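Reviewing the structure listed below.
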Amino acid sequence: MLEFNLLFFAVAIPATVFAGISKGGFGSGVAFASSSILALILTPTQALALMLPLLMLIDVATLRPYWRRWSWPDARVLILGGVPGVVLGIWLFQVTNDDVLRLLIGAISLAFVAWQMMKPPKALHRLPASAGVLAGIVAGFTSFVSHAGGPPAAVYLLSQRLTKTQFQATTVLLFWIINIAKFIPYAWLGLFTMQTTLANLMLAPFALLGAWLGVKAHHMVSERLFFGVTYVLLSATGGKLIWDALN
């Protein structure tokens, strides 16, 4: 049962604003940190179900500022892989439990930080379209089970040498489509409840605020500072989730 107490809002409001800022201005790469944070006070399935409609709202709010500024060839190959990846995620949800999901979300959080510390330079050779489809499959899968599709998509997109705005716009388009593909399976699995719906209604203004701040920050804020804080946050929450899963 969700309890709408001070602790819930103290955690959920910043997490929602953070997701909006990340998706609105920084390529969605760390938006899944919001799910990791919420999973500290909710079950993983509650955290994922609560975040999906908010992420979809942020998608709609950020489509217009980046409309047609994406790289369609790159978005297309990622989408081709993303939908089958969602299907893999549906299968995992039916054969696992909350502790496995905590372990998976925590591991993805720490793996993302490690990847960022070792990621290849911008001079990386362009990856072929086949690699884009594979990245899309991984993105669809990790997006379904932890809203963490940003990192695998970023690996491919970074190799394409896009401009900052092309990169951002392409991720907006990609995850708008993937999140739509996730919604019906989430409902079919019974993840949405009246409580998560009520929470969505209360948190929607903060999601829109975060999206607006993200679009503004895309042109103003240092990415190094934003991501530096995010990596510390992900390391802490990821480690805590793994500890909880194993104990």
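The values are calculated or read from the model by the stated rules, or taken from the named source; none is laboratory data. These numbers come from a predicted model, not from an experiment. Every residue, glycine among them, receives a Cβ derived from its backbone with ideal geometry; neighbour counts consider all protein chains shown. Protein only, heavy atoms only, side chains kept; ligands, DNA and RNA dropped before computing areas. Shrake-Rupley method; radii C 1.70, N 1.55, O 1.52, S 1.80 Å.
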Notebook entry, point to check: Can you name the condition, by its number, that residue 37 falls short on among (1) without any contact (Cβ under 8 Å) to a residue 24 or more places away in the chain; (2) within 13 Å of residue 146 (Cβ to Cβ)?
Noted result: (1)
Notebook entry, point to check: Could you count how many residues in the range 64-78 are touching a helix residue (DSSP H, G or I) at 6+ places or on another chain (Cβ under 7 Å) and open to solvent by 30 Å² or more (accessible area, probe 1.4 Å)?
Noted result: 3
Item checked: Counted residues, the range 122-158 - those being in contact (Cβ under 8 Å) with a residue 12 or more places away in the chain and either aliphatic (A, V, I, L, M) or under 21 Å from residue 222 (Cα atoms) (or both) -> 20
Notebook entry, point to check: Being in contact (Cβ under 8 Å) with a residue 24 or more places away in the chain, open to solvent by 50 Å² or more (accessible area, probe 1.4 Å) and not in a helix (DSSP H, G or I), is that true of even one residue in the range 159-168?
Noted result: yes
Check: For the range 1-46, which residues satisfy the criterion of being modelled with pLDDT of 85 or more and of a type in the set (Phe, Trp, Tyr)?
Finding: 4, 8, 9, 18
Checklist line | Count - residues of the range 111-151 that are surrounded by 12 or more Cβ atoms within 10 Å (Cβ to Cβ) and modelled with pLDDT under 70 | finding: 4
Check: For the subset of the range 175-198 comprising residues that are in a helix (DSSP H, G or I) and among the hydroxyl-bearing types (Ser, Thr, Tyr), which member is surrounded by the fewest Cβ atoms within 10 Å (Cβ to Cβ)?
Finding: 197
Next item on the list: With the condition kept exactly as written, say whether any residue in the range 200-223 is in a helix (DSSP H, G or I), more than 22 Å from residue 62 (Cα to Cα) and open to solvent by 20 Å² or more (accessible area, probe 1.4 Å).
Entry: no
Checklist line | Number of the exception - residue 88 against (1) in a helix (DSSP H, G or I); (2) under 17 Å from residue 176 (Cα atoms) | finding: (2)
Item checked: Residue in the range 1-10 that is nearest to residue 194 (Cα to Cα), counting only those that are open to solvent by 30 Å² or more (accessible area, probe 1.4 Å) and part of a helix (DSSP H, G or I) -> 9
Notebook entry, point to check: Which residues, taken from the range 28-85, are among the basic types (Lys, Arg), at negative phi and assigned to a loop (DSSP other than H, G, I, E, B)?
Noted result: 69
Check: Across the range 198-217, which residue is farthest from residue 169 (Cα to Cα) among those that are touching a residue at least 24 places away in the same chain (Cβ under 8 Å) and not aliphatic (A, V, I, L, M)?
Finding: 200
